[in-house]
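**Q** A single structure is presented below for examination.
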Amino acid sequence: MTQRFSGRFSPASTPPGALPPTPRHPHEGRPKWVTIAAFPMVLGAFFQNATGMVTDLAAFGLVATGMWMTREGLVAQAAFEARRVARAPALPRKMIGGLMAGSGLGLAVLAPGLTADAALVGVAGVAVHLLAFGADPMRDKRAEGVDSFQQDRAARMIAEAEGHLSEMRAAIERLGDRRLTARVGMFEAAVHHLFDRLRENPGGLSSARRYLGVYLMGARDASVRFADLQSVRQDPAVRASYEAFLDELQRDFLARADKLMDGDREALDIEMSVLRERLAREGLTGAATALAPEDRPALQSHEAQTLDQLLSRRERTPRA
């Protein structure tokens with residue numbers, strides 16, 4: 001019987017309440033075609049002398065590496081744009097990729113007496129790269145009304161927690177079990193759901209600190225021990241116990257993320273209730289909002305007539 005495998009990025013594998021996987025950048029496939037278009041440099045390198053061969057191979061290496069850096073920059077940009085609160089990538093990968101690709105193009109046409117032409121080709125390559133792929137995100141996206149210190153603190157805690165997740169994933173991937181790797185991927189999606197909630201509401205970091213530290217470290221250590229045991233002897237009972245452990249931990253992380261969202265709703269309700277109280281003190285409770293849409297133009301015309309009367313009365317009043 002065939003068995004369907006699913007992973008973190010499978011459409012049906014996202015746990016309930018978790019955010020969908022990070023969308024791909026629409027230009028993520030372009031660097032591959034640029035690398036393929038530069039492949040004739042490799043073919044032509046073997047029909048030249050040693051200097052020409054090394055030059056063409058180096059040029060192709062620069063272009064290919066630059067396109068790889070560009071693709072990594074597009075992946076980072078897609079993750080940046082998918083979040084409402086995010087930090088700009090620490091390394092401008094697309095900019096570095098453009099410089100490397102332009103240098104490779106300039107090196108490919110470099111010849112004695114053509115230094116200026118090679119430089120112009122390199123500059124043109126960098127400009128075309130910028131037009132095709134755009135620039136890297138250079139500024140952080142921060143939530144309004146939230147202290148930047150809290151956001152930076154939450155970002156540091158999330159970075160440490162992502163390190164625990166990476167070690168946990170690496171331990172399970174050593175087993176070569178696709179189904180178990182996909183199960184860990186589902187748990188990762190739940191944890192990233194909590195990460196996104198903390199990025200939007202860093203004030204809840206104190207209540208989620210144990211999840212990012214103690215609980216994830218425990219999950220990492222348990223995964224390492226489980227992988228070591230399974231690599232020596234396959235035990236179905238131990239495997240079932242580990243999967244039940246992941247199920248329980250995943251529910252806890254989703255519940256904590258939902259509580260953070262409920263905290264945002266409570267804050268919104270408090271702000272609206274305070275605003276209602278202030279309007280009630282001013283005697284403005286429901287006077288205009290209770291009107292039907294067809295009655296509002298009449299109210300606006302009445303207000304305009306009242307304003308005209310006040311202006312005309314002011315003009316008739318003699319000045320001192």
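**Q** Taking θ as phi - 60°, what are the ³J(HN,Hα) couplings along segment 105-118 by the Karplus curve (6.51, -1.76, 1.60), each to the nearest whole Hz, with x for Gly and Pro?
**A** 5, x, 5, 5, 9, 5, 7, x, x, 10, 5, 5, 5, 5
**Q** Between Glu248 and Glu173, take the C-beta separation as r, use R0 = 35 Å, and let me know the FRET efficiency to the nearest 0.05.
**A** Numbers: r = 22 Å, r/R0 = 0.63.
It comes out at approximately 0.95.
Computed from the coordinates by the stated procedures, all read-outs in this text should not be read as laboratory data. Values in this document were obtained by computation on a predicted structure and should not be read as measured data. Counting neighbours? That spans all protein chains shown, and the Cβs are built from the backbone with ideal geometry, glycine included.
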